[in-house]
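These notes are about the structure you will find just below.
What follows is calculated from the coordinates using simple rules that are stated; it is not laboratory data. Since the model is a prediction, treat every value here as computed from it, not as a measurement. Reconstructed Cβ throughout: ideal geometry from the backbone, glycine too, with neighbour counts over all protein chains shown.
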Amino acid sequence: HPEVTAVYTSTLNQAIGALHALRELGFSVPEQISVISYDDLPLADYLQPPLTTIAMPLVDLGRTAVNALCDQLNGEPPSDLMIPSDPQVITRKSTAPAATGTVASERKQTKVSVQ
């Protein structure tokens, strides 16, 4: 699919696998395809190339979890909780603007199967 310009993964482990598979298939990240992952962990900065991620509001998540646990210990029933926050993209070197024109049409075409 030459129209594919990026891969999104929901975990760091999936991103590591995607980077490895793309490298094995001869793709250059980010020159030919970008990779971005959810869950910004320190390891993301040490990958090759360093991985662009979406950071979670860990302090807010922790605070909300502790408050919910305390409420339950005080007899409150469990409830669904929402943590309002805007996504924070941590831009590193695994993403680039999508290729257009002749560059995009000249991309290497390789069939990839995911199991």
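If R0 is 30 Å, the Cβ-Cβ spacing of Ser28 and Ala55 corresponds to a FRET efficiency of close to 0.70. Applying 0.36 nm per residue to the separation of Leu69 and Leu41 and subtracting their alpha-carbon distance, the gain on full extension is 7.6 nm.
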